[in-house]
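Below: one structure, written as structure tokens.
The values are calculated or read from the model by the stated rules, or taken from the named source; none is laboratory data. Keep in mind it's a predicted model, so treat the numbers as computed, not measured. All Cβ positions, glycine included, derive from the backbone under ideal geometry; neighbour counts span all protein chains shown. Quick note on the areas: whole protein, heavy atoms, side chains included, nothing else; ligands and nucleic acids left out. Shrake-Rupley method; radii C 1.70, N 1.55, O 1.52, S 1.80 Å.
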Amino acid sequence: SISEPKLQETSASIRLDILDAIASANKGHIGGAFSCVELLVALFHGGLLKYDSTLPDWKERDYFILSKGHTGVALYAILVSIGFLKKKQLMKLNQEQILGEHPDARIPGVEADSGSLGHGLGIATGLALSNRMDKKDNQTVVLLGDGECYEGSTWEAALFAAHLGLNNLFAIVDRNRQIVNDFTENVNRLEPLAEKWSAFGWVVREINGHNFEDIFKAFHDFRIRNTTKPVLILANTVKGKGVSFMEGELEWHHGGIGGNNYKLARQEILTQLKEFPSE
């Protein structure tokens, strides 16, 4: 198994790549990309998801859908780290090639176009149902933003997945409590969010989305389920996590980064990397 310091080092490295890519593109959703880094690292580097780094379309793979597709740069950085993409592609984000701000199904390792919020859970529900009908043991994981929990289509899919008893489906809500221009509870209150998902027929596990021990505990029965209910992991996170002046600040939802801000952010992340010497 991979040690926690190694996973933390990988997370800092992923944040550095996200920062550099957004600086190069001069725009991107940096806050929400940073809030989900540990979740993605646990899935792809922590031994949770089955995939073949030489074969993106491997038939035995587990399926991952990034429903909060505006943070596609975080997924691209992960796909670079596992060998599906090259770093030089990532550093040309939004520049005359396939890596735009939202994931495109033509990208190796991307299962579906996403970013039109509220679609990802429906796609994941369909994949989980298809795999069950085909008697496959592939698992499906979908990562949603908490702002997506305003969407009616999210709740339609949540209702249907529970009705079908899709115990091969895990959904994660990146609960950073912010959307494009304000805090979720100021715009349209989501709380009590855990109770809502539970009432829709899901097993709900609330965790610290930056804590690897919490994340792995939430997936303890990922392969062998003794219930017919799908799982909802409510991951409490910090938007802009990893750079002190971005954390919890609304202005870092979307935009470019350069000049002194870029230098300061880069220095903070490089300092974190030095805390975790390579094994």
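List the number of the failed condition for A74; all other conditions in (1) modelled with pLDDT of 95 or more; (2) more than 11 Å from the chain's Cα centre (by Cα) hold.
(2)
Condition check: open to solvent by 20 Å² or more (accessible area, probe 1.4 Å), modelled with pLDDT under 95 and closer than 21 Å to G32 by Cβ. Does N181 satisfy that?
Yes.
For the range 33-64, name all the residues that are surrounded by fewer than 18 Cβ atoms within 10 Å (Cβ to Cβ) and either touching a residue at least 60 places away in the same chain (Cβ under 8 Å) or of a type in the set (S, T, Y) (or both). Before you say what the answer is, go through the steps one by one.
Step one: of the range 33-64, the residues surrounded by fewer than 18 Cβ atoms within 10 Å (Cβ to Cβ) are 47, 50, 52-55, 57-61.
Matches in the range 33-64: K50, S53, T54, E60, R61.
Select from the range 32-69 the residues that are of a type in the set (F, W, Y) and farther than 17 Å from A218 by Cα and list them in ascending order.
Correct list: F34, Y51, W58, Y63.
Looking only at residues that are at pLDDT below 95 and of a type in the set (S, T, Y) in the range 1-23, which one is least open to solvent (accessible area, probe 1.4 Å)?
Filtering first and then ranking leaves S3.
Pick out the one residue from E251, E268, E247, E275 that is modelled with pLDDT under 95 and more than 13 Å from I22 (Cβ to Cβ).
E275
I'd like the full set of residues that are open to solvent by 40 Å² or more (accessible area, probe 1.4 Å) and either at pLDDT below 95 or closer than 27 Å to G248 by Cα (or both), limited to the range 199-222.
If the condition is that a residue be open to solvent by 40 Å² or more (accessible area, probe 1.4 Å) and either at pLDDT below 95 or closer than 27 Å to G248 by Cα (or both), then V204, R205, E206, N208, N211, E213, D214, F216, K217 are the ones that fit.
Residue under question is D113, and the condition is that it be touching an Asp or Glu at 6+ places or on another chain (Cβ under 7 Å), under 24 Å from G28 (Cα atoms) and touching a residue at least 60 places away in the same chain (Cβ under 8 Å); does it hold?
no
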